Amino acid sequence: MAVTSFIPEIWNAQLLTDFREQAVAAALTNREYEGNASSGNVVKINTAVAVQVKDYKANSRTTSADSVSTTSQDLLIDQEKNFDFYVDDIDKAQAAGSMDAFTRSAGEGMAEDSDKFILSTAVTGAGTALDSGGVALDDPEAAFNAIRDMRKALRKALVPGGQWVLLVNAEFEAVLLGASSKLTSVDTSGSPAGLRNASLGRLLNFDIYSTENLPTTAKAQAVALYRPSLAYVSQVEKTEALRAQDKFADRLRGLHVYGGKVIRPEGIVTWTDTSA
């Protein structure tokens, strides 16, 4: 008897991969302690205590020395994430023999995971938390005023004026980019591709970037950040391609161990829409 129900299938050589949120936060943090994390899972960060400035009066040209010291805080490398999966030989052949799409998807997933951790750490450890006072953010002027208030909080905390960035979610971005937006364009040609794509412009001394990796996505949220205030360490990041032992397949696995800490809380200000 003839087989009449067989329907041949044609596989396209290109894999359709999922959309992923681009990672931007890691490139905007303080990475200077990363070199100290080659061994161990704690980085000790020392901060100098402010030196006292005293009068040197005309009638008494004498001075005495003060003791100086440092304070220490620990940056824990306590986040451990991995991926591990098989790609069957048949599937690989039907996808033109390449594992690049799977590798890229896994790498982007790990970057997105660390971005969410970094921004959650920033929001939790911020020295100042501002909000909308129960009023919805609904026009560019209100968005401008929110950024102005974050700038004021940083100024009042005597935070240096350079290296200021502002990360906003899509809800904040949509209002900020209204018809009367005050954003100015900036040259981002020297930035990594991910940051170029996320860049919105410059306003009130902030380089502004859009990301959906902030803790709040349903309502407007923004984080104003003096970059040296947030430390991030990525200790190990690697991938391994292995041959499966019990099937005709390749095995791909990767490991990412990292940690982050707000080391200068006064250098971070958050703003959240708290309307009902």
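The values are calculated or read from the model by the stated rules, or taken from the named source; none is laboratory data. For clarity, every value in this text was computed on a predicted model and none was experimentally measured. Cβ atoms come from the backbone with ideal geometry, glycine included; neighbour counts cover every protein chain shown.
Any residue in the stretch 65-77 that's more than 12 Å from ALA48 (Cα to Cα): show its pairings with residues that are surrounded by 10 or more Cβ atoms within 10 Å (Cβ to Cβ) and basic (Lys, Arg) at Cβ separation under 8 Å, as long as the two are six or more apart or on different chains.
ASP74/LYS44; ASP74/LYS261; LEU75/LYS44; LEU75/LYS261; LEU76/LYS261
Say whether the condition of being crowded, with 17+ Cβ neighbours inside 10 Å, free of Cβ contacts under 8 Å to residues at least 24 places away in the same chain and of a type in the set (Gly, Ala, Ser) is met by at least one residue in the stretch 250-270.
No: the stretch 250-270 contains no residue that is crowded, with 17+ Cβ neighbours inside 10 Å, free of Cβ contacts under 8 Å to residues at least 24 places away in the same chain and of a type in the set (Gly, Ala, Ser).
Here's a check for you: in the stretch 62-91, which residue that is β-branched (Val, Ile, Thr) and either within 28 Å of the chain's Cα centre (by Cα) or more than 19 Å from VAL262 (Cα to Cα) (or both) is surrounded by the fewest Cβ atoms within 10 Å (Cβ to Cβ)?
My answer is THR62.
Please count how many residues of the stretch 208-237 are within 16 Å of ALA111 (Cβ to Cβ), at pLDDT 95 or above and surrounded by fewer than 18 Cβ atoms within 10 Å (Cβ to Cβ).
Of the residues in that region, 1 qualify.
Just checking: which of the strands (runs of 3 or more DSSP E) contained wholly in the stretch 223-276 hold 1 or more residues that are polar (S, T, N, Q), farther than 18 Å from VAL43 by Cβ and under 20 Å from the mean Cα position of the chain (by Cα)?
Fully inside the stretch 223-276 and qualifying: 268-272.
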